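The next block holds one structure in the form of structure tokens; read it before the comments.
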Amino acid sequence: MAVLLEHELTDLKKKILELGAAVEGRVKQAVQALVTGDCQLAERVKTGDSEIDNLEIELEEECLKILALHQPVASDLRFIVSILKINNDLERVADFAVNLAERTFDLDKEMPIECPYDIARMGELVERMLKMALDSLVEQDTVLARETVEMDNEVDTMHRENFAKIKEAIRSDLKRLDGLVYYLSISRYLERMGDLATNVAEDVVYQVDGEIIRHGGIQ
Amino acid sequence: MAKLEIENPIVQVNNLKFYYPGNARALHGIDIAFPEKQVTALIGPSGCGKSTLLRCFNRMNDLIDGCRVEGDVIIDGENIYNRNTDIIELRRKVGMVFQKSNPFPKSIYENVIYGLRIAGEKDRSLLDERVETSLKGAALWDEVKERLHESALGLSGGQMQRLCIARAIAVNPKVILMDEPCSALDPKSTARVEDLIGELREDFTIIIVTHNMQQAARVSDNTAFLFEGNLIEYGLTDQLFVKPRNKQTEDYITGRFG
């Protein structure tokens, strides 16, 4: 019984890492497409999303099957519950990558304007968070997971600063309004991706230690 | 050892050691307390001492020649291993339901009131009333009320087990010990007995030994994990099955033992 379950859990881990790698790739491409204005690359991100969606559904069905057939407890139960959540979070990250790709098309139609903040830098930070969160999942490393959670503050600060910069830019030149609103939404998508990477890392801590650290833990 | 703090326990066990004949020690100094009107499950691999421990609570082990007990078992304020303990009275106070249902070859009615008869109760209306309340309490009344005077041996396995529960509660015990009460039952009868355990906890303290981990998780408030005659972990069931504090408990409940 334990051996069978062990196999199922190993498969599940393999699948979630496949999904994680695919999502990481999408984010990287989406940021690159934005920064370079590469609409073809953006198109690939958009059309590739169904692959992520299918993986997500497959993973969820796998989790439900294991819950029903093996009725796992303790660390096994926490593993499956956190995989269910991480699965959902990763799929949402991929959706935001599609949103970024769509902004590439929108900006392509506008007259070129300079972005008032560094998209590449923010993108790199979010990519790094995602990578750290996934590494913490592979290694079951709660120290790395907690570092990932901490990093989100940096992304949040960046987003707040971007917001201020965009407001300022709009005030100084209303003609650039449309393009600047797109840049604002890009900052927002990246910030949300950071939140979702944080969720993944928090679920890794729950998986390993059984401790819920979301919202500062239970008060 | 991970421990559960219990205020005003109905059963308090202090440094309990149990030796089978030949001085084979089966319990190595158990300290555990059971809260009143709750269900506590004892789990652990075969030979871990859980049934031995359970049988210490109504001195069933006294039936084994050459066994020896050290330590205290205080039930409802009295140390049951005192020399002047009335064993009949103890077993009235601490009822037991076994793995295999053991109805007597008598009518359903006589089975239920067996304990009261032994205690000399003759009042017919009291006996009638106790038969009805006990069978209702054991969720069996509706199925047998038309044939109370037929043999209990004609009941199904699940009904027989509930009859044994009715017989146990007829003498109004404080504590009911259950030793694998569902292991011989099909899933439907098991579900009925489990539902019944949920209802009985309103009035009785229940200590149940089970090999079925899911059953322990479903029916109990607290769970104690024993291994090789030691109490390894004792905690709230919902915590123990989600986040056990001890590695051995984790390995056992996830099936990775040994």
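Computed from the coordinates by the stated procedures, all read-outs in this text should not be read as laboratory data. In this text, all values refer to a predicted model and were calculated from it rather than measured experimentally. Note that each Cβ is placed from the backbone with ideal geometry, even for glycine, and that neighbours are counted across all protein chains shown.
Reported to the nearest whole Å, the Cα centre-to-centre distance from the range A:47-78 to the range B:74-124 is 51. Exceedance of the 23 Å cut-off in Cα-Cα distance is limited, within the set A:LYS46/A:LYS167; B:LYS188/B:LYS247; A:LYS15/B:LYS247; A:LYS15/A:LYS65, to A:LYS46/A:LYS167; B:LYS188/B:LYS247; A:LYS15/B:LYS247. Hey, for a label at A:GLN40 modelled as a point 7 Å past Cα toward Cβ, could you say which residues of the range A:1-28 have their backbone N under 12 Å away? Under cut-off, by backbone N: nothing.
Taking a quarter of the surface of the Cα convex hull of the range B:1-133, what do you get in nm²? Convex hull of Cα atoms, orientation-averaged projection: 10.4 nm². Positive-end ranking of B:TYR20, B:PHE227, B:PHE57 along the dipole of chain B, with charges on Cβ about the Cα centre, is headed by B:TYR20.
Rounded to the nearest 500, what is chain B's calculated 222 nm mean residue ellipticity when only DSSP H runs of at least 4 contribute -39500 (n - 2.57) each, over all residues?
On the way: 11 runs with 90 residues, N = 258.
That calculation yields -9500 deg cm²/dmol at 222 nm.
Rounded to the nearest 20 debye, the dipole size of the range B:127-219 about its Cα centre is 160 debye, using +1 on the Cβ of Lys and Arg and -1 on the Cβ of Asp and Glu. Sorting the segments A:24-33, A:142-151 by their mean number of nearby beta carbons within 10 angstrom, highest to lowest, gives A:24-33, A:142-151. Between B:ILE87, B:ILE64, B:ILE43, find the one with the highest GNM mean-square fluctuation for chain B; connect C-alpha pairs within less than 10 Å. Of the options given, B:ILE64 has the highest mean-square fluctuation. With a simple spin-label model that places each label point 7 Å from the Cα along the Cα-to-Cβ direction, the separation between A:ARG146 and A:LYS109 comes to 4.8 nm. Peptide A:71-78 is shielded by partner chain Cβ atoms: per residue, an average of 6 of them sit within 10 Å of its Cβ. Given +1 at the Cβ of Lys and Arg, -1 at the Cβ of Asp and Glu and no other charges, the dipole of the protein assembly as shown around its Cα centre is 1800 debye to the nearest 20.
Using θ = phi - 60° in the Karplus curve 6.51 cos²θ - 1.76 cosθ + 1.60, the 3J(HN,Hα) couplings for the range A:2-10 round to 5, 5, 4, 4, 4, 4, 4, 5, 5 Hz; x is entered for Gly and Pro. Projected onto the charge dipole of chain A (+1 at Lys/Arg Cβ, -1 at Asp/Glu Cβ, origin at the Cα centre), which of A:ASN99, A:GLY217, A:ALA201 gives the Cα projection farthest towards the positive end? With unit charges placed on the Cβ atoms, the residue in question is A:ASN99.
At 222 nm, what helix-only mean residue ellipticity would chain A give, in deg cm²/dmol to the nearest 500, using -39500 (n - 2.57) for each DSSP H run of four or more?
Details: 7 runs with 187 residues, N = 219.
After summing the helix terms and dividing by the residues of chain A, the value is -30500 deg cm²/dmol.
The share of Cα pairs per 10 Å bin across the range B:119-163, counted from zero up to the longest distance, runs 26, 53, 21, 0 percent.
Couplings 3J(HN,Hα) for the range B:224-238, derived from phi with the Karplus relation 6.51 cos²θ - 1.76 cosθ + 1.60 (θ = phi - 60°), are 10, 9, 10, 8, 6, x, 10, 7, 8, 8, 9, x, 5, 4, 5 Hz, where x marks Gly and Pro. Angle of helix A:49-70 to the longest C-alpha principal axis of chain A, folded into 0 to 90 degrees and rounded to 10: 20°. Amide hydrogen proximity for B:VAL209: with H placed 1.01 Å from N in the peptide plane, the residues at 5 or more positions away or on another chain lying under 5 Å are B:LEU42, B:MET178, B:ASP179, B:GLU180. Annotation: amide H of B:ALA26 within the under-5 Å range of B:PHE18, B:TYR19, B:TYR20, sequence separation 5 or more or interchain, hydrogens built in the peptide plane.
GNM remark for chain B: springs join alpha carbons under 10 Å apart, and the peak mean-square fluctuation among B:ASN61, B:ASN230, B:ASN246 falls on B:ASN246. For B:LYS106, a cut-off of 18 angstrom between C-alpha atoms picks up these aspartates and glutamates, skipping any fewer than 8 places away in its own chain: B:GLU121, B:ASP128, B:GLU132, B:GLU143, B:GLU146, B:GLU150.
Relative contact order of the range B:1-102, please, whole-number percent, based on alpha carbon pairs below 8 angstrom and at least 6 residues apart. Answer for the range B:1-102 is 30 percent. Beta bridges assigned by DSSP with both partners in the protein assembly as shown are antiparallel in approximately 55 percent of cases. With N counted as the residues of the range B:11-253, its alpha-carbon radius of gyration over 2.2 N^0.38 Å works out to 1.01. Of the three principal axes defined by the Cα atoms of chain A, the extents in descending order read 66, 40, 22 Å.
Dividing the convex hull volume of the alpha carbon atoms of the protein assembly as shown by its residue count gives 186 Å³ per residue. Per-residue shielding of B:88-100, expressed as the average number of other chain Cβ atoms within 10 Å of the residue Cβ, stands at 0.
Relative to the longest principal axis of chain A, what angle (0 to 90°, nearest 10) does the C-alpha long axis of helix A:142-172 take? Between the helix axis and the principal axis of chain A, the angle is about 20 degrees. Rounded, prolate or oblate for the range B:124-258? Axes are the square roots of the Cα gyration tensor eigenvalues, ordered a ≥ b ≥ c, and the cut-off for rounded is a/c under 1.5. Note, shape of the range B:124-258 comes out prolate.
Percent antiparallel among DSSP beta bridges with both residues in chain B, to the nearest 5? Please report the intermediate quantities before stating the final value.
Details: 24 of 42 bridges.
Restricted to chain B, the bridges split so that about 55 percent are antiparallel.
Ignoring lysines fewer than eight residues from A:LYS165 along the same chain, the ones with Cα atoms less than 20 angstrom from its Cα are A:LYS175.
The overall shape of the range A:1-109, judged from the alpha-carbon gyration tensor, is prolate: a/c is not under 1.5, and a/b is greater than b/c.
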